[in-house]
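Inspection log for the structure reproduced underneath, given as structure tokens.
Bear in mind that the values in this text are calculations on the coordinates, not laboratory data. Model, not experiment: these values are computed from the prediction. Here Cβ is always computed from backbone atoms with ideal geometry, including for glycine, and neighbour counts include all displayed protein chains.
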Amino acid sequence: MKNDSNKISAYWDNFHKDIKGYGAFRPDPVLSRYLKLISKGKVLDLGLGEGRNALFFVQNGFEVKGIDISETAIQSCIKRAKEAKLEIDVKLQDIRNIKVPENTYSLIIATMVLQFLNKKERDTIFEKIKKGLIKNGIVFLRVFSLEDPSYKIKLESDKFEMIEPNTFFLKKRNMCIHYFSEKEVKSIFRDFQIINFSEIYSLDLAHGEPHYHGMITYMGKKI
Ligand SMILES: C[S@@+](CC[C@H](N)C(=O)[O-])C[C@H]1O[C@@H](n2cnc3c(N)ncnc32)[C@H](O)[C@@H]1O
């Protein structure tokens, strides 16, 4: 992997060593609620982490491929798959460099990962997601929203540089953090049919000290 990918993967390796549970291994409730809408076939999970969503789809008869930049996350996912006797195709890779075959996936998942990319990288991956889905294929995103408390903190501090609208560069982690608006997400997928959209504010107990996040959840269908 590229040098800056190495620094990013080191951050995420530490993050995964700190995961405490509290729902960190349960599939996203929106994905499980709409399981029936997803036609049996291939699933791609971008930044799959320890595989909470990916393994749920393997259990439900889908052929799943997952990509993550963290060796720790990948190894944890493989271990959990072996324990449950599930088959999953996982790859240690930076999603900024992936090739996504066109018209291939019934579902593409990207939860809590795309906010760490800059605008050009996000635009590129959104295009790949759109092209990678089959007709009636589903995209599922969970991203930070402008309501996230850390957005306001960054806005008011001179320690963080806003490099693009609502995107800051985090020097220590060597990565960006972007806060999405409802209008932005809906505009990216303006040619999709919305299945589920919500903005929530919730307590995160999965890692570090308990803290709040503002998040947007989006599920849409390629028509
Ligand atoms: C907050 S975790 C979310 C994990 C999982 N999607 C979930 O919802 O449980 C973010 C994940 O994205 C991965 N990640 C971050 N940037 C990445 C990149 N550029 N390429 C691949 N994976 C990345 C991290 O290693 C980490 O596993």
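When the chain is treated as a GNM with alpha-carbon contacts under 10 Å, the residue of Leu114, Leu141, Leu205 showing the greatest mean-square fluctuation is Leu205. Dimensions of the range 3-222 along the principal axes, based on C-alpha atoms and rounded to the nearest Å, stand at 49, 39, 33, largest first.
Find how much the distance from Thr124 to Gln59 grows on full extension, using 0.36 nm per residue of separation minus their present alpha carbon separation; answer in nm with one decimal.
On the way: separation 65, 0.36 × 65 = 23.40 nm, distance 3.04 nm.
Full extension of this stretch gives 20.4 nm more.
Kindly put Cys77, Cys176 in sequence by how many other C-beta atoms sit within 10 Å of each C-beta, fewest to most. All intermediate terms of the calculation are to be shown ahead of the outcome.
Details: Cys77 25, Cys176 18.
Placing the least packed residue first, the sequence is Cys176, Cys77.
Of the residues Ile67, Ile38, Ile188, the one that moves most in a GNM of the chain with alpha-carbon contacts below 10 Å is Ile188. Cross-link reach is defined here as a Cα-Cα straight distance under 18 Å, omitting same-chain residues fewer than 8 places apart; for Lys154 the aspartates and glutamates meeting it are Glu164.
With springs connecting C-alpha atoms under 10 Å apart, model the chain as a Gaussian network and identify which of Ser198, Ser157, Ser181 has the largest mean-square fluctuation. Judging by the Gaussian network model, the answer is Ser157. Checking every one of the trypsin sites (Lys or Arg not before Pro) in the range 54-128 against DSSP loop status and a limit of 16 other Cβ atoms within 10 Å picks out Lys85, Lys99.
Any of Lys7/Lys130; Lys79/Lys128; Lys42/Lys130; Lys17/Lys128; Lys40/Lys99 with alpha carbons more than 26 Å apart? Name them for me.
On the way: Lys7/Lys130 29 Å; Lys79/Lys128 29 Å; Lys42/Lys130 15 Å; Lys17/Lys128 30 Å; Lys40/Lys99 22 Å.
Beyond 26 Å between Cα atoms: Lys7/Lys130; Lys79/Lys128; Lys17/Lys128.
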